[in-house]
1. If Lys and Arg each add +1 and Asp and Glu each add -1, what is the summed charge of the other residues whose beta carbon sits under 14 Å from the beta carbon of PRO16?
2. Mean separation of Cα pairs under 8 Å and 6+ residues apart, divided by the residue count of region 1-68: what relative contact order is that in percent?
3. For the chain, the longest stretch holding no trypsin sites (Lys or Arg not before Pro) located in a DSSP loop with at most 16 other Cβ atoms within 10 Å is which?
4. So how far, in whole Å, is the C-alpha centre of region 185-216 from the one of region 1-65?
5. Write out the GluC sites (Glu not before Pro) in region 1-100 meeting two conditions: DSSP loop, and at most 13 other Cβ atoms within 10 Å of their Cβ.
6. Note down the relative contact order for region 182-271 as a percent, whole number, built from C-alpha pairs under 8 angstrom at least six residues apart.
7. Place a label point 7 angstrom from the Cα of GLN247 along the Cα-to-Cβ direction, then list the residues of region 166-202 whose backbone nitrogen is under 16 Å away.
8. Over region 65-114, what is the relative contact order in whole percent, taking alpha-carbon pairs under 8 Å and six or more residues apart?
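Quick note: the coordinates plus some simple rules give every number you see, no bench work behind them. Fair warning: this is a prediction, and the values are worked out from it, not measured in the lab. Ideal geometry is used to build each Cβ from the backbone, glycine not excepted, and the neighbour counts take in all protein chains shown.
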Amino acid sequence: MTQSARAVICRKLNEPVVVERITVEPPNRGEVMVKLAACGVCHSDLSATNGTISMQLPLILGHEAAGEVVEVGEGAAELVPGDHVVSSFIYMCGKCRFCAMGRPVLCLDQGKALTTLPDGTLRTRDAEGRALNIFSGCGVMAEYATLSVENVVKIDRTVPLDRAALVGCAVTTGVGAVFNTARVVPGSSVVVFGCGGIGLNVVQGARIAGAGRIVAIDTLAAKLEMAKLFGATDTLLAKPGEDPVKQLKKLTGGGPDYAFECVGSGELAALAFRAIGRGGIAVVVGVAKPSDSTPVRTMSLPFEEKTLTGSYFGSCVPRLDFPRMLALYMAGRLKLDELITRRYTIEEAPQAFADLQSGRNARGVIEF
Ligand SMILES: NC(=O)c1ccc[n+]([C@@H]2O[C@H](COP(=O)([O-])OP(=O)(O)OC[C@H]3O[C@@H](n4cnc5c(N)ncnc54)[C@H](O)[C@@H]3O)[C@@H](O)[C@H]2O)c1
Ligand SMILES: [Zn+2]
Ligand SMILES: [Zn+2]
């Protein structure tokens, strides 16, 4: 059944997001309609509103949400109305060599349906009947969304939906970067640049992985306090123009084994690479402007066997990793409650984006 819903939309670059009433069409083959309960506000949503991440406008934002299935299209028999699901923002063709090797974040068709459903169509229209694009095949900062079954993961009903939503990006991206991309080993040293929703999850992933030393860096003192709560053993307040590498080398006895850039800056990625010690791995998680680049001292590659790499969506396999994250939460080992600093109504979405920009929240969550 076609639903009327409110949605958070980016109409024009560098302007505040707007809340509009839209229509969401029922699911076609291989799709489901979801009544969303909550959606986290990620820096990548903000980046789509300022052009750092280029997406077709007008765009329904949101890629970190959870809700309840209300209608199931043909050929989507694995889901029934009433199922709880979390959105997943990667495209998976299921057939290419990367999908076949269990690395769907590298699917050869990854860029194919960036702001539409996988088949290139849209189920979302504005009040004038014009089609609305959807962020990364999701567009779940809305009361309803029709999604491909490939973009939802069924979860246990016992997990509260507002917390489950965070697994749709921040948690899987951060913890996954530690578990899947870097494969942090117990007793190692880790440095995390940027302690927002993503960085705090790198911190807690490192704690769960048994890292011995976890150094958190941020420009905001409040973020460093949050990082301690998530497992940071040391904190460092970043100051403009100050190079922390010497201090980091001292704190970690020659440089950390792993450094994670969770801000989105080519310069910081270079800093992360310089900071790591011999045999170290620097992982870029932040999404920088297209014009950024990261110079590395070439000689460090052979003589120190240092690695510079990246991590997209925590190198995850959604159907494997989402339940894993939620199991860690249910076992009391992964913090989700503490990640939600503030809850917003959908009408307060512009404020939620302003608070993200100013660094006020670990994560802000819009509740529907
Ligand atoms: N790789 C992926 O799959 C993926 C997924 C989601 C988000 N991201 C990206 O990760 C980045 C972080 O996202 P988020 O939602 O956590 O953002 P956020 O805004 O919540 O957090 C960013 C943090 O970095 C801090 N910061 C800013 N400048 C800094 C500096 N020079 N040194 C140290 N800290 C600094 C801010 O104070 C803030 O706490 C963004 O670039 C986002 O687009 C990547
Ligand atoms: Zn995100
Ligand atoms: Zn594929």
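1. Details: positive: ARG11, LYS12; negative: GLU15, GLU20, ASP45, GLU347, GLU348, ASP355.
Taking every other residue near PRO16 into account, the sum is -4.
2. Working: 105 pairs, mean separation 25.6, N = 68.
Reported relative contact order: 38 percent.
3. 184-277
4. Each part reduced to its Cα centre gives a spacing of 31 Å.
5. Values: sites: GLU20, GLU31, GLU64, GLU68, GLU71, GLU74, GLU78; in loops: GLU64, GLU74, GLU78.
The qualifying sites are GLU74, GLU78.
6. 35
7. Within reach of a label on GLN247, which here means backbone N under 16 Å from a point 7 Å along Cα→Cβ, region 166-202 contributes 191-195.
8. Relative contact order, region 65-114: 27 percent.
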